[in-house]
Structure formats: C-alpha cells, structure tokens
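The structure under discussion appears below in the form of structure tokens.
The values are calculated or read from the model by the stated rules, or taken from the named source; none is laboratory data. All values reported here derive from a predicted model rather than from experimental measurement. Here the Cβ positions follow ideal geometry from the backbone for every residue, glycine too, while neighbour counts run over all protein chains shown.
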Number of protein chains: 4
Amino acid sequence: MIVVMRPDATPEQIKNVEERLVELGFKTHPIQGEEKTVIGAIGDKKTLSSEALITFPGVEKIVPILKPYKLVSSELKREKTTVRVGSVVIGGDELVVMAGPCAVESEEQLLLAAQQVKEAGAKILRGGAFKPRTSPYAFQGLEEEGLKMLSRAKEVTGLPIVTEVVDPRDVGLVAEYADIIQIGARNMQNFRLLQEAGMAGKPILLKRGLSSTIEEWLMAAEYILDKGNDQVILCERGIRTFETATRNTLDLSAIPVVRENSHLPVLVDPSHSTGSWKYVAPMAKAAVAAGADGLLIEVHPEPSRALCDGPQSLNPENFEILMEGLKPIVQAVGKKF
Amino acid sequence: MIVVMRPDATPEQIKNVEERLVELGFKTHPIQGEEKTVIGAIGDKKTLSSEALITFPGVEKIVPILKPYKLVSSELKREKTTVRVGSVVIGGDELVVMAGPCAVESEEQLLLAAQQVKEAGAKILRGGAFKPRTSPYAFQGLEEEGLKMLSRAKEVTGLPIVTEVVDPRDVGLVAEYADIIQIGARNMQNFRLLQEAGMAGKPILLKRGLSSTIEEWLMAAEYILDKGNDQVILCERGIRTFETATRNTLDLSAIPVVRENSHLPVLVDPSHSTGSWKYVAPMAKAAVAAGADGLLIEVHPEPSRALCDGPQSLNPENFEILMEGLKPIVQAVGKKF
Amino acid sequence: MIVVMRPDATPEQIKNVEERLVELGFKTHPIQGEEKTVIGAIGDKKTLSSEALITFPGVEKIVPILKPYKLVSSELKREKTTVRVGSVVIGGDELVVMAGPCAVESEEQLLLAAQQVKEAGAKILRGGAFKPRTSPYAFQGLEEEGLKMLSRAKEVTGLPIVTEVVDPRDVGLVAEYADIIQIGARNMQNFRLLQEAGMAGKPILLKRGLSSTIEEWLMAAEYILDKGNDQVILCERGIRTFETATRNTLDLSAIPVVRENSHLPVLVDPSHSTGSWKYVAPMAKAAVAAGADGLLIEVHPEPSRALCDGPQSLNPENFEILMEGLKPIVQAVGKKF
Amino acid sequence: MIVVMRPDATPEQIKNVEERLVELGFKTHPIQGEEKTVIGAIGDKKTLSSEALITFPGVEKIVPILKPYKLVSSELKREKTTVRVGSVVIGGDELVVMAGPCAVESEEQLLLAAQQVKEAGAKILRGGAFKPRTSPYAFQGLEEEGLKMLSRAKEVTGLPIVTEVVDPRDVGLVAEYADIIQIGARNMQNFRLLQEAGMAGKPILLKRGLSSTIEEWLMAAEYILDKGNDQVILCERGIRTFETATRNTLDLSAIPVVRENSHLPVLVDPSHSTGSWKYVAPMAKAAVAAGADGLLIEVHPEPSRALCDGPQSLNPENFEILMEGLKPIVQAVGKKF
C-alpha cells in the first residue's frame, strides 16, 4: 500500500499516518519527493479496512499495490483450471458449446431444442427453469417442473445440463438436477447465493454482472473458491454502456484480461450481450478467435413464439450454420471442436 | 405497440405480421408512409412477449407505447404515497434524515453514533448487520447480534431502525427488528428477495442499482407493490459511470424523473454515491433543493477506525454542521425539518 | 511515480527498471514487500512519457503520484479566480445566471428573449450563432449574421454576450462580438480551438465534454491557461451514461470535486444535461445548493417553434418562476443574486 | 414519426397537436388505444425540428421512425463501398492491415518502422504528425516536418500513408502528403473538420468517438458524404465505459451493426482500444473473425522509448507473430491477406 500525502501535509500529519500504519502492523518506508511525501507500507492485510486512512488529515490518496483476489489469481496457480462435466472438459483444448432455449417452456419445446442443438454439435444443454425477469408480469419459469424436463432431456440426449439458480433456498434442488449451476449476471454479487452454490459440490458457471468490472467478477469467483470449490467457469455476457444498438456491449477484451490474471476458464454468451440473433454468429466467431474456452448460445425451435428472449435466439437452421462456420475459426486458433 | 416494417418489407410480410398480431389479440392499424409501413397495435398485454415479433421477416423494430410498470405509476395514483414509521412520515412535508454507521461494529459504537445523530436531528437510525461486500475477506457484519444491538439503540434513543437484508431466508428475522427493511443497490434485481421482503409487512427502502435505469428501478418497486405492500421508499445512491473522481455518479435528476412518473417518495444517499465525506454536505444540500423527501447519511463516531466505508462517513461534528447547513435549504424549498 | 513490479520479477528486471529510471533523471527508492517490489521514483517530469516503462519486462503497473495539471490547480493558487465581464463578476459572492435561446434564429426572436431574460434577472445573454449539430441536415446557425444580432441585443439590453465558437478560423470573428467565448462540450478536446481561443484575450466558458473525466476537463482548461489566459469559467452540462430518462446525467458532484482541485469558477447547465424543460428548475436549484457559481439556462420566447433544443428550453413565464424560486436557495447558501 | 399522447390528454390537446402537424406538412393518422392516443405522422422532413412538439400540452413522447442518416445508409445503397488507395482496396475481399508508430518521432524511427511493418505484410503505413494530446505538456507531433518524413517513408517502401489531421486549417497541407486522411476519435464531431476533410479529394478514415453511439458515428460520416466524398472508412477504436482493465472497451459488435446499416467498410484499431500491447493480438484476431475489413495497429521499433502510446505498441517481432497468427483466421472467414 502506498499512502500519498498532500503537498501541504505537515511533518506532524506525516508522523501521525506513519504511527497509525505501524499500529496496524505495517512497516513504513517514507519517500520525500519534491512536491509530496509518499509512504510505502509493507504488510498489507487484505482483511484490513486500511482505506479509512484516507480520512487522516494531510492524506491525499491511498494506492493499493496487491490485487484483492488470491485463490482465483494466476499469481497463485499458473496452470489453467479445467472443469470436467461427464466426458466434457471445459478449459482444455476443446471449444465447448452450450446451447438451448432461454427458458424451459414445455417438454416438447425442450426435447426438440435439445435434439437440435445436439445434432449441430453442442456438448451441453442450457435452459432456464428459474428466470429472473425485470417485470413481475413476465414469465418467471416453470421452476421444479422445468428442472424435471431438463432431466428428461438429459436422459434422452445424453447432454449434461446447465441451469440457473436465483435463490439460495433453491441451490440444493437445482444441484440435484444440474450438472453445472449457473449464477446469472444480476446475481453476480448476490454473495449469499455465491456461498451457497459454492458448497453444492457442482461446477459453477458465473456470469459477469452487467456493470461489474473484471476485478469485481474475479472477486465474486473468489467467494466460490473460498468455499472450497475451484470448478468455476466464467462467462462474459456484455456490459452496460451508453450504446443502444445492441442490448449490451460484449466486452471481448475481458478474455485476454481474465487469461492474464486468472487460471479459470472463460466462456462468452453472444446472445444476451447483443440481444439480436443477427449479431450472434459474428460475435461467436470473434469470441473463439479471441481465445474463449466455449460459448453459451440461445437456440429456440421457433424464436418468434419464445416466451423469453425470442429476439436473440437462433433458430435451429441458423445454429447449424453457425456451428459449421465456427469450425475453421476453431481450427485456426488450434482448438478442437 | 408500434411495429415498424423495413423499407423493403413485402406486402406479404406486412400481412404476416398483421395476422400474428390479430392472433395475439391486438387490433391493428397499418399506416403506409413514403418509405416505411408502421403498424399500430392496440391491446398491449403487458405479460405478452410481443418483442419476439422482431424476428418476423421484414420487421425493423418494435416500439412499446405503454409504460411497463403499473402499480408504482403516477398514471394510476396521482397523490404522493406517504410512508409512516412510528411518528415519522416520509413523503410528506418534512425532510427526513436517516443517519448512522455503515456497519454495526459494537454496542458502544452504535449507541454512541445513535445518540450523536439523534442530537443533531436525525429521525431514523441506519446501521448494517448484514453487509454485502465485494471481497469475501472483508467484514461481513455482526448479523443477528448486530440486529440486537440496533434494537437496544432504538430502546435507548427512540429512533426507529432501518437495516439491510441480503438473503430471502433472513427476511423474517430482519423484519422482527427493523422498522424499515433496506434492499441494497446490489440486490435491486434480486427478485426473490424483493418478493419476500414485499410480504414482510414492513416499509421497504429500495436503493437504486448502481447500473439500473430509473425504469428498472420502478419495475423492482413494482415487484414489492405486486405483493400488496405500497410502503416503498426509493433511494438514489449513485450510478456507475466512467468518472473516477467520485465512487459513483450521484444522479439527482432521478428525483424529478421519479416524481413525474411515480407516487413513491424518494430519498438520496450522498455518502455511497460520492464515496468521500468531503462531498457529502454539498450533495446533501443539492438533493434537498432538487426535491428529495429525505437523506440517508453515514455517520461514524470515528471514521478513521470504521470497519466499513470509513472514507465516506461523516464524524459527528461534521454531521452536526451539515444538519445546521441544511436548515435554510429545507426552508427554501418549503419543507419542515 | 511508483513502479510496481510483478511478483515474479527477477532481480535483474528490477535492476533494469532502476537503471532506466536513473537514465530518465529520476532518483529511485526501491521498497521490497513480501510479495512485490515497488520502486518510488522522484523527479517526475510531466512532459516525459514515462508510461512506456510499463513495457519493461517484470513491470506490473505504473502509478503516477503528481496531478497532471498545474496552472489550474488549487495546489498552485489557493484563492478562487474571479472572471470579470463588464460589471458582472463570476466566481465571487454573486450567483450569475446566463440565459437565452439555444440558437439565434432572428433579430425579433433574440431581442424578445434578451429582454425577457433580463427582466427576470439574468446578467448575461447566451445565444448560438455557430451550432455544432449531430446531423448535417439540421439548422447550423446564422453565423456572422447571428453574431451581429447578438451585438444589437447587447446594445438594446446592456447584457454582455456569451456565444460559442466551433472553428479555430472563427475565433477572431467571434472574439469581436462576444464578451465570453464558449467552447462547447463536443470541442472540449479540440486542442487547436482551445489554444486559439486562449489567445483571443476574452474570458472562456469551457463546457465539460460529455464523456470527459473531471481530470481531462481540467487538462483542457490547462491548455487555455498555458496560453496566458486565466479567465476561464468551467461549465458542467451532463455526462453520457446508460440512463435514457434524461438526455445526459448531470454530474453535480463535479462542483465540489472542481472546488477541491482547482481555483476556477464553475457553472452548471441544467438545460442540456436534462434535455427536458420540466427538469430544469429542480436541477438549477440543486446546482446552486451544491455551490455552483452560476447557471447557463436555455430560454426561448416560444419553445415549441424553436429551431434547436426546443424540448429543453424554458418559456419566459417558467424562467421567471424559476428565478423567483432560486432566490431563497441563493440566500440559503450565502450568495447574492 | 409517432406522437404518443399522455393518458390524460384532452381531445383539444390532441386536436392541437394534429393541427400543428398538418401545419408542418405532415399527414396525420390518429389511433385511439385503450389508455393512450398515438398519432402517426407521415412526411417526416429530416431537417425539421419536430422534436419541439414534445413541449405541446398532453404530449408524452415523440418516436422517430426514419433513420436520421441517408447517404451512408444501406437502405440507399446495398452494395458495399470499396475504397481504393493505389493498388490497395479496402472493403473488398482482402484484409488490409495499416500499421506503424503512433507518432512520427524521427526519420530513422519512421523508416525503420515502415520497413518492418512492410516486411510483415502491412499494406499501408500509419504515423501521426499532428497529435491531439490530453496534456499541453505532452509531445504534440512534428507537424509538417513529420509529414515530410512520412512522404520519404512512402518513397522508400512504396506504402501509402494514413495520417491524422486535427485542424481545418491543416487539411490542405495534410492532403498533399496523405493517401488517407484520418479523423481521430476526439474530432469525430468536429463538424468543420469533417466538412473540410470531405472536400479534400482524399479517402477519409473516420474513427468512432470514444463516447459516440454508432448512429452518431454514421451521422458524422454523413457530413463527409454530404460533401460529395463517399470514400470513407469507418474505424472502431473502443468506447468509454466503467471498465478500467483496458483503456477503452473495444466494441466489436459495432462491426455487424455497421454492416447491417451502412455500405461503408469498417476497420478495427485494437491498439488504442485496449491500451496494452498484450491484448492487441487476441483482439485483432477477434476483429477479423467478426468481419472487419482491416486493422489499424501501432508498431514501434522500440516501444519502451516511444514518445507516445508506448504501452500499447507492438515491437516488430510481436507484430510479425501477430501477422502470422492472423493468416488462418483470415482464411477461415474467406478473405485474402
């Protein structure tokens, strides 16, 4: 930690800060510049709210030196983490596509979608049984009934299931059915849900909050690893910006940034980020080229009749075309498909 | 709802859209412009996912006409809602200040803070027992023990209590102690928590999510009113922008925007938004001048030793100065204090 | 400047960085922490592109310690700068209101507006002769003809004139007519225009760019002061965020932030920021309460027929009501009107 | 245009709006819904400030139906525009890489860089002679001397030149030396510069403003086409968001959005957007996969000594590796290299 003193800080103010730092267990190294004094403080305790030093008279700012996360950090663990779901490995040399409808609407719809995405090459089936919706009047999901349908779709197709949980009270229930538990963007900082899910013994797909920095996203993952579960898959799904031509702005730079700072695998969801099926294919290709470990794509047998997120869902034909179109890109980046 | 067709839409595509609209229960009114045809559709059902029409061939965009919220709307109820907590009325002609420490740290700290803010004129005591923290290594609150301390502070000072709940499983517990249940910014779209809190029979203080539009904020309140509870107080606490000189950007324009569109009272939290105690007083005054119904302010007996949010907490002296400074502004806008 | 080395930086990498720093004229103070080494470097030359050190092997990040601006800084000059325009003093103990139409449309329109705003208490007349418009098909202003009309309005009413310049080639022309030269938000980083305007011998009103940080805004002012002109008035006019209920988000926190870091006076433009005349009055009051030195307000004799920015223009009646409503707030903050 | 009336609008208010629309030359089509009346107005004149209708009593909002741009629109011209610079064609089936240093620093530096990027496969040389810098104390470019060096580098290597202009007074000078004139992000809405450059008879590279919507970017291009020049290349270079891990957020979704709405070719600048050379390669690959027509990349013979943008410049070795790495991606999307 570096404490920067104001140019008009008095020697006594500097001394007070040093004393407080020593009291907090730091070793101090003051450096007197031409305009300002800065105090290097060694021995950062992450749990310490040393930020409060900013309220000391004469202090201009506090500059943290250490990263706030630890277990998710590539400084701690250099080799990439792989997440295993049945025979599927996420984070290895294979590009993994998870696909399916936004919401489970009926057994027919789900089974049809499952077979369609499997035939086109998807390895994991997605489908929401609990849907967090902006409006209380929108379709909120079939809940446990939906989970059962997912289970039947898994039996029929053999595809493992990723599905979202929105309430800590449902984690146990969802964990019974899901192969991967999804924490959605709106719940990325629902810390109780993170902790509960972290203890469920299943891999977690953690979507980035739509206004979360990459650092906050890694801190959210840290909550899960802190519960003893390192099977975490990150998923970039667009951030909120001023641009309105797309639903959110897909931040593909997050892929190399995560890669540099963490050992966790990272997927991209081109459906929610763009909000329009027309933009899904180019963004899916871009994500693979940027180094994503996989994709999460919404596919609906008949998007114009979808109860949720129809505008951004691919129909089965377009999904098949996309999967074909991805192949040369996957090869170009040296991955398998 | 208005459906705008592309300039190259064929008569058949237009017909298909009209037929689908009729099938969905709308009356259609096509208008043929020089370049484009638009179809007015009367009979919007809010629960209908008519957005999926965008996937029909030839459709360029869908323009909703009706507002997505209903119970919170000033179109439904013109007179302002007042929220009553003991003898305190929020949303009336009195400016209500809620103050206290970010987190309950100990009985001594809380009692001292409670007496200090009461003396200075605060009407309600704030203090967090459950703290949602970005880092799993940060102080997470004293939980039930903290609630008990709040209860004792209430006994001693007579001040009603506002405190946050972060988990639907804790709503019952928090409701036993709290006079007002706070839903924090990170949980504004934690819909299960909103629903549970909406059924607890206590007034709700609903903070705006840091990347939520005002419309989404009102939709979150709609979740609570939909459970039969209209005792909702909105609280603007800053939104996330590119500016880093302040922790968030306080959006005071939200006050007149909420006033125009809703009957619910609205408070402002100048502490979390600015992130610096130095900016709390000018922003508190600005909030009152803009028409806020009250303020939520962090005050700590010794901010430099606070376990949470020390940098933005006022010490008791500065809080007293602020309360004095507010008086002429409160008078100027015709409110009582 | 502080150079933070990566945890895995080798002693040789640290030595290389130190040598380069010495070569660049710095004195170095390495501090070895438990996880990382940081190097304090004294002797920051502002003109030096020391940021390139980040490309040295083993370097994690560079933390600047000194502020990038100097002449505008409150560290250099503590007493507030006042800007004098005839008998009007901006930055003193008087709240100065500048008002008038967005664009000069005709002599009749301008004279009428000028008399109306003068009667209501405005001290300076605003009106655009050169209009930067998003669309090439929108009204671009009357140019020199408009400047002449402003001149006649000044003769008739005695009100000094503030008007915008958008091209370095027009600075001389505009300076002949204007008492204050306005640099608009879109041109805040049009550095050639800043330099040219800085040499024109007239006070400058510098609007904040709609996506500029406060630091960048102060750096833009630094360009003007660097040309020997310290008669600069800053003007906050809203920043671009995700919120769409208002045209931009008025960042009133900028007032205390500027006050802390600079000696320059700061105005607020509640018209452009909100984009709606209904929100102008509450935001104007809030700006005064937050400590603004003045206001810039759009007033049009008949807003529904304005060629530019009609939706956010007050009509004369509402402007008069606003001016009345401001009085108690101005008094409450200890200013004159 | 659709005018949405408030639910409490009186028949007389509706009639007033209709009359004003007729007066403005529109044909009106009122539709009476259950809650609100909307008025379809046919005959939109783009130059008309019909937005001012919002100030009429009873009007809730105005919804424009037509796009504000025309000449740049894919509705007007379906086939993609190609821009020819010597033997290089931008917007065709070849991926065009423009590379070179941020700033021209010396003849040696520039010639070395030019030869290095040529050998690696770049088709056009970039280099700034006029540099818009946030700080007045930063290196501002060699100006005409720099242009002459670019000219010599072109003679030696045969590479056409792209270089920036920042002042309308310099357009003639820059046009003498440049094969493509660049309008930088900060000047995207410097309309005078756009107009002057539009008349210079050279292709224009128009960077997206860092806080500009795609619609505003297309409107800026419209200013150039309106001057009779359709040789415009768009260049996405990152937008300003809350994320700080990268300098800006590269918005690759802009590629398919531009493709859908315009016939102009679009490049991507992965250097300025990420601000870090480490992220350039993955983002360059992603841009190609998303369908970009080319790339603009900063390469410096010795980035750690660059006077400008060293942190994001590739050294020649890494640029060569990137160009090799791009080949299979270029092939995968069916382009030539």
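Annotations for the structure displayed:
- Candidates C:I255, C:I321: the one that is of a type outside the set (K, R), more than 12 Å from chain D (Cβ to nearest Cβ) and either more than 24 Å from C:T81 (Cβ to Cβ) or outside any helix (DSSP H, G or I) (or both) is C:I321.
- Residue satisfying all of: in region B:201-217; in contact (Cβ under 8 Å) with a residue 60 or more places away in the chain and more than 10 Å from chain A (Cβ to nearest Cβ); surrounded by the fewest Cβ atoms within 10 Å (Cβ to Cβ) among these: B:P203
- Filter result for A:M323 (touching a Phe, Trp or Tyr at 6+ places or on another chain (Cβ under 9 Å) and either within 28 Å of A:A129 (Cα to Cα) or not assigned by TED's automatic domain parsing to the domain that holds A:E164 (or both)): yes
- Looking across region A:244-253, the residues that are surrounded by fewer than 24 Cβ atoms within 10 Å (Cβ to Cβ) and of a type outside the set (S, T, N, Q) come down to A:A245, A:R247.
- Residue list for region C:259-273, filter: buried (at least 24 other Cβ atoms within 10 Å of the Cβ) and in contact with a Pro (Cβ under 9 Å, 6 or more places away or on another chain): C:P270
- Residue in region D:137-153 that is closer than 25 Å to D:M219 by Cα and within 13 Å of another protein chain (Cβ to nearest Cβ) present: no
- Residue list for region C:235-252, filter: more than 7 Å from chain B (Cβ to nearest Cβ), among the charged types (D, E, K, R) and in a loop (DSSP other than H, G, I, E, B): C:R237, C:R240, C:R247
- Qualifying residue in region B:290-300 (condition: within 7 Å of chain C (Cβ to nearest Cβ) and at pLDDT 95 or above): yes
- Odd one out for A:V22 among (1) in a loop (DSSP other than H, G, I, E, B); (2) more than 10 Å from every other protein chain (Cβ to nearest Cβ): (1)
- Just one of the listed residues (C:T55, C:T37) is more than 20 Å from the chain's Cα centre (by Cα), polar (S, T, N, Q) and within 14 Å of chain D (Cβ to nearest Cβ), namely C:T55.
- Subset of region A:218-261 [free of Cβ contacts under 8 Å to residues at least 24 places away in the same chain, touching a strand residue (DSSP E or B) at 6+ places or on another chain (Cβ under 6 Å) and polar (S, T, N, Q)]: A:T241
- Note on region A:58-96: among residues that are more than 21 Å from C:D8 (Cβ to Cβ) and among the basic types (K, R), the one that is nearest to the other protein chains (Cβ to nearest Cβ) is A:K61.
- In region C:302-312, the condition of being modelled with pLDDT of 95 or more and not hydrophobic (A, V, I, L, M, F, W, C) is met by no residue.
- Cβ-Cβ distances below 8 Å connect the following pairs, each with a first residue in region C:262-286 that is away from every other protein chain (no Cβ under 12 Å) and outside any helix (DSSP H, G or I), a second residue that is buried (at least 24 other Cβ atoms within 10 Å of the Cβ) and among the acidic types (D, E), and a separation of six or more residues or different chains: C:P265/C:D293; C:L267/C:E236; C:L267/C:D293; C:D269/C:E236.
- A:L326 assigned to a helix (DSSP H, G or I) and crowded, with 19+ Cβ neighbours inside 10 Å: yes
- Test for D:E143: is it in contact with a Phe, Trp or Tyr (Cβ under 8 Å, 6 or more places away or on another chain) and over 21 Å from D:P203 (Cβ atoms): yes
- The set of residues in region A:186-210 being small (G, A, S) and touching a Gly at 6+ places or on another chain (Cβ under 8 Å) consists of A:G198, A:A200.
- When every residue of region C:220-234 is checked against the conditions, at least one turns out to be more than 13 Å from chain D (Cβ to nearest Cβ) and surrounded by fewer than 24 Cβ atoms within 10 Å (Cβ to Cβ).
- Scanning region D:279-308 for residues that are under 20 Å from the mean Cα position of the chain (by Cα) and more than 22 Å from A:A287 (Cβ to Cβ) turns up just one, D:E298.
- Region D:55-69: number of residues that are of a type outside the set (A, V, I, L, M) and farther than 15 Å from D:E216 by Cβ: 6
- Selection count, region D:107-140, where residues are at pLDDT 95 or above and either of a type outside the set (S, T, N, Q) or outside the structural domain of D:L296 (by TED's automatic domain parsing) (or both): 21
- Matching residues, region C:186-217, being part of a loop (DSSP other than H, G, I, E, B), among the aliphatic types (A, V, I, L, M) and touching a strand residue (DSSP E or B) at 6+ places or on another chain (Cβ under 8 Å): C:M188, C:A200, C:L210
- Enumerated strands (runs of 3 or more DSSP E) restricted to region A:44-160, each holding at least 2 residues that are surrounded by 23 or more Cβ atoms within 10 Å (Cβ to Cβ): A:96-100, A:124-126
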